[in-house]
Amino acid sequence: MGSKRDRVEIMAEILDLCSVPKTKTHVMYGTNLSWKMLQHYLAELQSLGLLKIQGKSALYVTSTRGLDFVDK
């Protein structure tokens with residue numbers, strides 16, 4: 001049985017995945033989160049300035065500050 005991921009691990013996983021721009025659906029499948037949980041984490045990461053939306057097609061990309069977060 002696998003162990004549960006904590007909040008910080010999930011956030012780091014999203015930011016790492018979005019180092020290359022991804023759609024919301026790709027992020028959901030890549031991190032194995034439910035749609036509701038994904039919405040929560042994306043909103044939180046955006047409010048912290050770690051994740052931003054790029055272009056008209058709403059691609060999520062990690063900000064410079066977010067990349068620093070992942071490195072640490």
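The values are calculated or read from the model by the stated rules, or taken from the named source; none is laboratory data. None of these values were measured; they are calculated from a predicted model. Please note: Cβ atoms are built from the backbone with ideal geometry, for glycine as well, and neighbour counts cover all protein chains shown. Ligands, DNA and RNA are excluded from the accessible area calculation, which covers all protein heavy atoms including side chains. Shrake-Rupley method; radii C 1.70, N 1.55, O 1.52, S 1.80 Å.
Please work out whether the chain counts as rounded, prolate or oblate from its C-alpha gyration tensor, where a ≥ b ≥ c are the square roots of the eigenvalues and a/c under 1.5 means rounded, while otherwise a/b larger than b/c means prolate and anything else oblate? Here the chain falls in the oblate category. Taken per residue, the accessible surface of the chain reaches 68 Å², heavy atoms only and a 1.4 Å probe. Relative contact order of the chain, taken over Cα pairs closer than 8 Å and 6 or more residues apart, is 37 percent. Note on the chain: with charges restricted to the Cβ of Lys and Arg (+1) and Asp and Glu (-1), its dipole about the Cα centre is near 260 debye. Surface composition of the chain: carbon and sulfur make up 55 percent of the accessible area, probe 1.4 Å. Dipole of the chain computed with +1 at Lys/Arg Cβ and -1 at Asp/Glu Cβ about the Cα centre; of GLN39, VAL61, LEU50, farthest Cα towards the positive end is GLN39. Stretching the chain fully between GLU9 and TRP35 yields a gain of 7.6 nm (0.36 nm per residue, less the alpha carbon separation).
Within the set of other residues whose C-beta is less than 14 Å from the C-beta of VAL27, count the net charge using Lys and Arg as +1 and Asp and Glu as -1. Its environment carries a net charge of +1.
In the structure shown, the pairs LYS36/LYS72; LYS24/LYS52; LYS24/LYS72 are assessed against 22 Å; a Cα-Cα span above that value is assigned to LYS36/LYS72; LYS24/LYS72.
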